[in-house]
Amino acid sequence: MIHRPRRLRLNEQIRELVSETQLRVKDFIYPLFIVEGSGIKREIATMPGVFHFSVDKLPEEIKEIKALNIKAVLLFGIPEKKDACGSESFAEKGIIPKAIKEIKNVCPDIIVITDLCMCSYTDHGHCGILNEHGQVDNDKTLLYLHKIAVSHSKAGADIIAPSDMMDGRVHAIRQALDENGFLNTAIMAYSVKYASSFYGPFRNAADSAPSFGDRKSYQMDAANSNEALKEVRLDESEGADIVMVKPALLYLDVVKKIKENTLLPVAAYNVSGEYAMLKHAINAGLLPVVAIMETMLSIKRAGADLIITYFAKDIAKELNGVK
Ligand SMILES: [Zn+2]
């Protein structure tokens, strides 16, 4: 007897009936880059279709995001002034608190997640405070992460997303939030963040490239996946509510491993280099637009519950049937 799996691929209806993985608009988180100034909606050269927004241009964008039924945004701030300790990152009137307030004003029920790191705020471009030898001082940096987390929560952030990769940061941030009465502010930890060469377009967007050296002493080595599990276990024990793997596509094996070993929701970050590769190939006519959906299915199938992607609006339009 010939076994005929093709029966279940016969037509669209049957394929849909038995499909194992579904993409839903609610799975997607849309990143936004916020700059100082006014009247700015400027396309980012390295990331076609992605923009820098000044705070006053956010309402229009947020209304569009809301209309597409996207539930959450992830904010990155680009300050005007940088210094050695990234003072603008925890300023009460800093770029992110201003953006949070504006977004919540326009749309109180959109979930505001804030990236918590120092690299776009420090003049040296590293993710923490440097010691006298030019190395990132882990425990000193934790004191600053406290302040940033509290300033974002005060402004109304729903979820804090530390991306610095310092040891002990989730515990430090949880403690700071609780001590300041923000018991309900959740933590989405960039638990597994590799020192990847696929962040290039983002660093251009966020003006966060390190001025010397690299980030290999705090971000993870691409060769390792047991270490990913170790980082997730630590973040779980320190109080993370959601864990993340970044980048997504090059680390689908890691997404799967983490999903199989945690009870927490797993997010995956489809990073700027992954976005730029696909976007440029589509713009050049080398790949069809549906390649975006196949890419997202691969991340979901690997086990991601949430996907952070610059394609979120395109995907929402596709899923909502908007032409
Ligand atoms: Zn950073």
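Structural remarks
- Residue that is surrounded by the most Cβ atoms within 10 Å (Cβ to Cβ) [pool: residues in the stretch 203-223 that are at pLDDT below 85 and near the ligand (Cβ under 10 Å from one of its atoms)]: 206
- For residue 49, the criteria (1) farther than 28 Å from residue 218 by Cα; (2) open to solvent by 50 Å² or more (accessible area, probe 1.4 Å) hold in every case but one, which is (2).
- Flag for residue 194 being within 14 Å of the ligand (Cβ to nearest atom) and open to solvent by less than 40 Å² (accessible area, probe 1.4 Å): yes
- One residue from 154, 230 being away from the ligand (no atom under 16 Å from the Cβ), surrounded by fewer than 19 Cβ atoms within 10 Å (Cβ to Cβ) and within 21 Å of residue 90 (Cα to Cα): 154
- Listed by first and then second residue, the pairs linking a residue in the stretch 235-258 that is over 21 Å from residue 297 (Cβ atoms) to a residue that is open to solvent by less than 50 Å² (accessible area, probe 1.4 Å) and among the basic types (Lys, Arg), with Cβ atoms under 9 Å apart and 6 or more places separating them unless they lie on different chains, are 235/169; 238/169; 238/174; 239/174; 240/174.
- Selection within the stretch 122-151: residues that are assigned to a strand (DSSP E or B) and of a type in the set (A, V, I, L, M, F, W, C). The member of this set that is nearest to the ligand (Cβ to nearest atom) is 136.
- Selection within the stretch 86-121 - more than 17 Å from residue 152 (Cβ to Cβ) and either within 16 Å of the ligand (Cβ to nearest atom) or open to solvent by 20 Å² or more (accessible area, probe 1.4 Å) (or both): 106, 109
The values are calculated or read from the model by the stated rules, or taken from the named source; none is laboratory data. In this text, all values refer to a predicted model and were calculated from it rather than measured experimentally. Methodologically, a virtual Cβ is constructed for each residue, glycine included, from the backbone with ideal geometry; neighbour enumeration extends over all protein chains shown. In case anyone asks, the SASA skips ligands and DNA or RNA and just uses the protein heavy atoms, side chains included. Shrake-Rupley method; radii C 1.70, N 1.55, O 1.52, S 1.80 Å.
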